[in-house]
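Data first, discussion second: the structure below is written as structure tokens.
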Amino acid sequence: MSPNAQDEMQGREFLWTSADFDHVQKLIYQRAGISLHDGKHAMVYSRLSRRLRETGHNSFREYLRWLEATDGPEWQEFVNALTTNLTSFFREGHHFQVLAEYLRSIQSAGACRMWCSAASTGEEPYSIVMTATEALGSNGNFSLIASDIDSKVLHTASQGIYKSDSLKGLDQARLQRFFMRGKAGNAGMAKVKQELRSKIDFLIVNLIRNDWPFRDPFDVVFCRNVMIYFDAITQRQVLERIHKVMKPGALLFVGHAENFSDSRDLFALKGKTVYERV
């Protein structure tokens with residue numbers, strides 16, 4: 001951070017130094033594998049200032065030292081504050097066409113297990129389950145684990161309640177089939193029907209921890225727009241773990257800005273940002 005930028009930051013509520021930012025960088029990398037680049041000073045200050053107010057600390061230095069000295073629930077709040085949750089229904093729509101075709105091709109092989117590893121507020125996992133229901137029928141033999149490192153967005157996802165504005169990308173047939181419109185005091189809202197929610201288990205999972213709670217391998221994994229926050233070493237470690245929890249030939253869906261050509265020993269490119277487990 002330049003001296004001028006640092007001076008500007010000092011006009012704010014809390015003292016904020018390059019040393020504070022370096023400390024945050026180190027802690028979020030250790031805890032969540034996230035690599036914060038130097039252009040994130042203002043974002044980090046804004047989001048963590050709320051944590052200082054909530055916990056009654058007068059400086060970032062004091063807050064971060066206190067955080068390191070404890071292993072309590074504030075660590076989850078710290079991670080929640082620094083994770084980014086941009087999502088929408090049927091984002092990167094070509095993935096769901098590929099998913100539908102793949103599910104139909106393997107449906108005779110028994111139950112299909114899927115994992116959405118960055119569920120955020122739920123739009124992605126519900127899009128996956130809508131696709132599976134359309135491809136395999138309401139009684140289709142499939143299930144989905146939806147996980148995230150952020151406990152707050154995961155709670156929102158499990159509720160399945162959305163403002164009507166966020167459903168604009170859905171056609172009328174899907175809205176009628178999969179959502180209930182809010183009435184009276186809930187006007188302008190919609191809730192995902194139990195038919196979909198019953199297919200999903202919501203879990204907090206930290207991708208860089210080696211304690212994933214999965215017993216049976218997956219046929220499908222969505223890990224979209226997650227790896228962009230990791231450095232190359234962390235990316236490779238997470239890809240190796242994902243590889244271990246997938247069946248041979250299973251599909252991995254990644255974000256449009258992600259490329260894993262350096263991991264051909266694990267995944268072969270199958271289509272546009274779709275990989276097959278080797």
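The values are calculated or read from the model by the stated rules, or taken from the named source; none is laboratory data. The shown structure was predicted, so the numbers you read here are calculated from the model rather than taken from an experiment. Cβ atoms come from the backbone with ideal geometry, glycine included; neighbour counts cover every protein chain shown. Side chains included, ligands, DNA and RNA excluded: accessible areas come from the protein's heavy atoms. Shrake-Rupley method; radii C 1.70, N 1.55, O 1.52, S 1.80 Å.
Any idea which of (1) touching a residue at least 24 places away in the same chain (Cβ under 8 Å); (2) over 27 Å from T83 (Cα atoms); (3) in a loop (DSSP other than H, G, I, E, B) is the one R104 doesn't satisfy? That leaves (3) as the condition not met. Looking at T121, is it among the β-branched types (V, I, T), in contact with a helix residue (DSSP H, G or I) (Cβ under 6 Å, 6 or more places away or on another chain) and assigned to a helix (DSSP H, G or I)? Judged against the criteria, T121 is not a match. Exactly one residue out of Q97, Q107 is of a type in the set (S, T, N, Q), closer than 27 Å to I228 by Cα and either open to solvent by 20 Å² or more (accessible area, probe 1.4 Å) or out of contact with any Pro (no Cβ under 6 Å at 6 or more places or on another chain) (or both), and it is Q97.
When segment 187-200 is filtered for residues that are touching a strand residue (DSSP E or B) at 6+ places or on another chain (Cβ under 7 Å) and loosely packed, with under 12 Cβ neighbours inside 10 Å, only G188 remains.
Looking at R277, R209, R224, just one residue is out of contact with any Asp or Glu (no Cβ under 9 Å at 6 or more places or on another chain), surrounded by 13 or more Cβ atoms within 10 Å (Cβ to Cβ) and of a type in the set (D, E, K, R), and that residue is R277. Looking across segment 253-267, the residues that are open to solvent by 10 Å² or more (accessible area, probe 1.4 Å) and at pLDDT 95 or above come down to D265, L266.
Cβ-Cβ contacts under 6 Å between residues 6 or more apart (or on different chains), taken from a first residue in segment 236-264 that is more than 19 Å from A119 (Cβ to Cβ) to a second residue that is in a loop (DSSP other than H, G, I, E, B) and of a type outside the set (A, V, I, L, M, F, W, C), are listed as K247/P217. Just to be sure I understand the filter: pairs with C-beta atoms under 6 Å, separated by 6 or more residues or on different chains, first member in segment 173-195 and under 19 Å from N139 (Cβ atoms), second member surrounded by fewer than 16 Cβ atoms within 10 Å (Cβ to Cβ). Which pairs pass? Taking only residues 6 or more apart or on different chains, the pairs are F178/K193. Collect the residues in segment 145-176 that are of a type in the set (K, R) and surrounded by fewer than 16 Cβ atoms within 10 Å (Cβ to Cβ), keeping them in residue-number order. K152, K163, K168 - these are the residues of segment 145-176 that are of a type in the set (K, R) and surrounded by fewer than 16 Cβ atoms within 10 Å (Cβ to Cβ).
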